[in-house]
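Got a structure for you, written out below as structure tokens; questions coming shortly.
The values are calculated or read from the model by the stated rules, or taken from the named source; none is laboratory data. Note that this is a predicted model, so its numbers are computed, not measured. Positions of Cβ are generated from backbone atoms using ideal geometry, with glycine treated the same way; all protein chains shown enter the neighbour counts.
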């Protein structure tokens, strides 16, 4: 990173810094200044069009271990009908919310839905996020449903490795 520059967004969330994680977010919210009727159109010159803000914010809250803030934001992201890859990533984050709350029902419900998306779409991004989820399941694998989810994620990784 160049001298004098501070990391923004998710890197700060990874460091556990809530205040810096969202400092730029309000200024990056989409506006209608481009004249387009679609609030997420940016005129074609920016990589981010604003449609991913809820997902990014939810992921930051998960990384910060703030499940009470992450869950409603991630549900909002899902209501925007994202692509299968983004949908699976948000579902995996919601399963992590379940891990953080020790809520087996949420872990299995969201984890299984993300697993279905990973199987049908072949998305390596969703598969990778599921592997990250799997690393946090350890204390909860005494539950048969979590143990089954863990085994299915492992099988998905094995199938991806052979392809």
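State whether one or more residues within the stretch 77-84 are assigned to a helix (DSSP H, G or I), closer than 25 Å to residue 52 by Cα, at pLDDT below 95 and more than 15 Å from the chain's Cα centre (by Cα).
The answer is no; no qualifying residue exists.
For residue 90, indicate whether it is modelled with pLDDT of 95 or more and either part of a loop (DSSP other than H, G, I, E, B) or within 19 Å of residue 63 (Cβ to Cβ) (or both).
So residue 90 passes the test.
A follow-up question, please. Out of the residues in the stretch 85-110 meeting the condition of being more than 15 Å from residue 67 (Cβ to Cβ) and under 14 Å from the mean Cα position of the chain (by Cα), tell me which one is surrounded by the fewest Cβ atoms within 10 Å (Cβ to Cβ).
85
Please go through the stretch 132-149 and give me each residue that is touching a helix residue (DSSP H, G or I) at 6+ places or on another chain (Cβ under 6 Å) and either surrounded by fewer than 18 Cβ atoms within 10 Å (Cβ to Cβ) or closer than 16 Å to residue 87 by Cα (or both), ordered by number. Can you show your working first?
Going residue by residue through the stretch 132-149, those that are touching a helix residue (DSSP H, G or I) at 6+ places or on another chain (Cβ under 6 Å) are 133-134, 136-137, 140-141, 143, 145-146, 149.
Within the stretch 132-149, 133, 136, 141, 143, 145 meet the criteria.
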